[in-house]
Amino acid sequence: MTAHVDTFARDRLPPPELLPEMLFDGPGLQFPAQLNCATALLDRRIAAGDGERLCIQGEGIRWTYNDLQQQANRIAHVLVQDLGLVPGNRVLLRGANSPMMAACWFGVVKAGGIAVGTMPLLRARELVPIIEKAQVTHALCDSRLMDEMNLAAPQCPTLRHTLSFVGGTLEAAMAGKSDQFTDVPTAADDTVLIAFTSGTTGVPKGTMHFHRDVMAACACWPPHVLRPVADDVFIGSPPLAFTFGLGGLLLFPMSVGASTVLIEKATPDVLLQAIAQYRATVCFTAPTSYRAMAAHVGEHDLKSLRKCVSAGEALPAATRGLWQEATGIRIIDGIGSTEMLHIFISADEEHARPGATGVPVPGYVAAVLDDDGQPVPPGTVGKLAVKGPTGCKYLADQRQTTYVRHGWNYTGDAYLVDADGHYVYQARTDDMIISGGYNIAGPEVEGALLLHPAVAECGVIGEPDAERGQIVKAFVVLRPGHAADAAMVKTLQDFVKQTVAPYKYPRAIEFRAQLPRTETGKLQRFKLKTETPT
Ligand code: 3UK
């Protein structure tokens with residue numbers, strides 16, 4: 001039975017015929033009708049005797065599981081007693097990664113609210129459509145980020161209350177509250193979070209996830225691929241508003257009684273320093289961050305580190321190689337999506353194959369399909385489709401029919417399966433370059449360029465061309481000490497021709513000081529395309 005008094009989310013689920021097929025075979029995937037994932041991840045761990053174990057560290061903060069529970073309970077009381085939150089209300093969370101941000105997430109979830117995470121850099125003009133779409137009623141916002149919140153608020157009639165944290169009104173309200181709270185007994189299929197996609201076009205899409213989905217994500221990839229232990233210290237860069245970060249830096253460590261380090265702005269240098277300072281053992285970040293860190297590994301003591309996870313975009317073999325050479329660690333690559341909540345194809349260190357993402361994570365099945373939805377033979381490029389115990393549920397969005405068809409979740413990625421069943425990423429389906437009749441995957445050309453020692457970063461797109469339809473164009477950031485001249489263009493073109501099929505070489509190369517990337521480390525190809533004069 002739903003515990004949601006406010007049925008906003010349930011009323012806006014996709015109709016049953018547009019939901020993906022769900023698979024619940026496997027350990028940890030049979031869920032009781034009543035389930036609150038905050039109770040399962042936090043209160044139950046304390047009941048099992050782990051209350052005094054270290055849970056979250058941040059700048060100047062060291063919280064045990066007990067500490068986190070007490071903070072979250074006080075926040076839940078503030079939301080319910082002072083701000084009139086009823087189960088099912090949407091609560092916007094705005095702040096960089098920090099222990100307090102994690103406490104807010106658990107406070108909302110304990111109170112039966114729906115957490116709506118937002119990237120800290122968002123401006124009022126980006127916050128407004130999210131608040132409108134999710135009909136957010138309450139907001140908890142880092143006091144240093146209140147300006148944009150205040151600009152957004154007058155345009156958001158549903159938003160009734162905003163409290164600030166870090167020396168703000170939230171802490172003042174928490175001061176008088178009990179540290180005991182009885183979690184709202186939500187249903188396993190009550191929505192617990194709405195994550196907005198980092199999509200590049202159109203109105204942002206809100207993906208709804210149930211309490212059950214959170215526990216399913218904890219039951220699949222972590223035990224089967226990451227295999228963390230209770231003494232692990234997690235660290236990384238993805239924001240908690242991005243489900244890669246929420247899982248990797250909060251839910252997964254807690255699901256095994258481990259601890260996590262939440263740092264506000266984990267740039268490559270900050271992250272390297274923090275790994276050394278906190279003796280971190282498991283790191284989550286994006287390929288671009290591994291490339292930047294690899295050059296400076298020698299300046300830090302990273303002996304504590306034992307596992308490194310990469311997601312968000314394809315991990316080029318060159319980047320895997322750089323990192324292994326610098327640290328001795330083989331990266332665990334995994335593809336996940338906001339729609340699927342977390343990683344569904346991946347490979348552990350032992351099974352990792354350079355250039356491939358991996359195999360379906362136990363609990364998930366995957367296929368590469370043609371335009372008619374039929375499986376293509378091994379070695380043939382097609383559309384990646386997946387199903388499992390999590391799946392796409394857009395909040396009141398026509399685009400549900402694009403992501404979910406015939407029960408499959410179509411991620412929008414072009415993949416092939418090699419002869420051994422490994423899934424090899426090609427490109428986003430709408431980013432495939434068609435030049436002179438050839439299909440060329442930009443990331444493959446990027447992977448080739450990155451093998452050249454002069455190349456630090458690169459992005460490859462199709463540029464409109466009268467004769468060939470499109471030509472392959474590369475934007476290249478050189479490593480220090482290399483000249484961006486015509487000779488370098490020729491060198492790189494020849495290098496690509498010798499590394500992959502010659503027709504894939506970039507006919508145009510432009511040198512840049514940096515490339516446009518999202519807060520989550522994804523290359524913004526659309527920006528490269530519009531920046532290109534036609
Ligand atoms: C791309 C990858 C190749 C791919 C995410 C892990 O990235 C996440 O979610 P988003 O919704 O984007 C999803 C899309 O990003 N992608 C992600 N990982 C890989 N491509 N190799 C990879 N390893 O196009 C996918 O469809 O922002 C990643 C966990 C949770 C996430 N939300």
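Please work out whether the stretch 11-126 counts as rounded, prolate or oblate from its C-alpha gyration tensor, where a ≥ b ≥ c are the square roots of the eigenvalues and a/c under 1.5 means rounded, while otherwise a/b larger than b/c means prolate and anything else oblate? Oblate is the answer for the stretch 11-126, as a/c is 1.5 or above yet b/c matches or exceeds a/b.
In the chain, the DSSP-assigned H stretches of four residues or longer account for a calculated mean residue ellipticity at 222 nm of -7000 deg cm²/dmol, using -39500 (n - 2.57) per stretch and the full residue count as denominator. Normalised by the number of residues in the stretch 208-348, the average gap of Cα pairs under 8 Å and 6 or more apart makes the relative contact order 24 percent. Within a straight-line Cα-Cα reach of under 13 Å, K393 can be paired with the following aspartates and glutamates, leaving aside sequence neighbours fewer than 8 residues apart in one chain: D11, E17, E21, D189, D190, D213, E339.
According to the square roots a ≥ b ≥ c of the eigenvalues of the Cα gyration tensor, what is the shape class of the chain, taking rounded for a/c under 1.5, prolate for a/b larger than b/c otherwise, and oblate for the remainder?
Working: a/c = 1.67, a/b = 1.51, b/c = 1.11.
Because a/c hits 1.5 or more and a/b exceeds b/c, the chain counts as prolate.
For a modelled paramagnetic label at R123, 7 Å from Cα along Cα-to-Cβ, no residue of the stretch 509-529 is in reach, as no backbone nitrogen comes under 14 Å. In the stretch 440-528, Cα pairs under 8 Å separated by at least six residues give a relative contact order of 30 percent. Most simply put, the stretch 440-528 has about 75% antiparallel DSSP beta bridges, counting only bridges with both residues inside it.
Antiparallel versus total DSSP beta bridges in the stretch 161-299: what percent is that, nearest 5?
Numbers: 5 of 10 bridges.
Here the antiparallel bridges make up roughly 50 percent for the stretch 161-299.
3J(HN,Hα) couplings calculated from phi for the stretch 136-153 with the Karplus curve 6.51 cos²θ - 1.76 cosθ + 1.60 (θ = phi - 60°) are, in sequence order, 5, 9, 9, 9, 10, 9, 3, 4, 6, 10, 6, 4, 5, 4, 5, 5, 6, 3 Hz; Gly and Pro show x.
The gain in end-to-end length when the Q30 to A295 segment is fully stretched comes to 90.9 nm, 0.36 nm per residue minus the alpha carbon separation.
Modelled spin-label separation between S178 and Q524, with each label point placed 7 Å from Cα along the Cα-to-Cβ direction: 4.8 nm. For L92, the residues whose amide H sits under 5 Å from its own are V116, T137, H138, A139, L140, ignoring neighbours fewer than 5 places away on the same chain, with H placed 1.01 Å from N. Considering only alpha-carbon pairs that sit under 8 angstrom and 6 or more positions apart, the relative contact order computed for the chain is 13 percent.
Footprinting exposure proxy ranking of S255, S304, fewest other C-beta atoms within 10 angstrom first, gives S304, S255. Spatially, the stretch 375-417 and the stretch 134-162 are offset by 34 Å when compared through their Cα centroids. Ordered by the count of other Cβ atoms within 10 Å of each Cβ, fewest first, W323, W105 give W323, W105.
So how do F284, F526, F344, F495 line up by other beta-carbon neighbours within 10 Å, fewest first? Before the final figure, lay out each step's value.
Numbers: F284 28, F526 14, F344 31, F495 18.
Going from sparsest to densest Cβ surroundings: F526, F495, F284, F344.
Only beta bridges with both residues in the chain are counted; by DSSP, about 60 percent of them are antiparallel. For K473, the aspartates and glutamates whose Cα comes closer than 20 Å to its Cα, not counting residues fewer than 8 places off in the same chain, are E313, D430, D431, E444, E446, E457, E463, D465, D485, D494, E510, E531. Close amide H contacts of D333 (hydrogens built in the peptide plane, cut-off under 5 Å, sequence separation of 5 or more or a different chain): S310, A347.
Coordinate-derived values only; no laboratory data. All values reported here derive from a predicted model rather than from experimental measurement. Here Cβ is always computed from backbone atoms with ideal geometry, including for glycine, and neighbour counts include all displayed protein chains.
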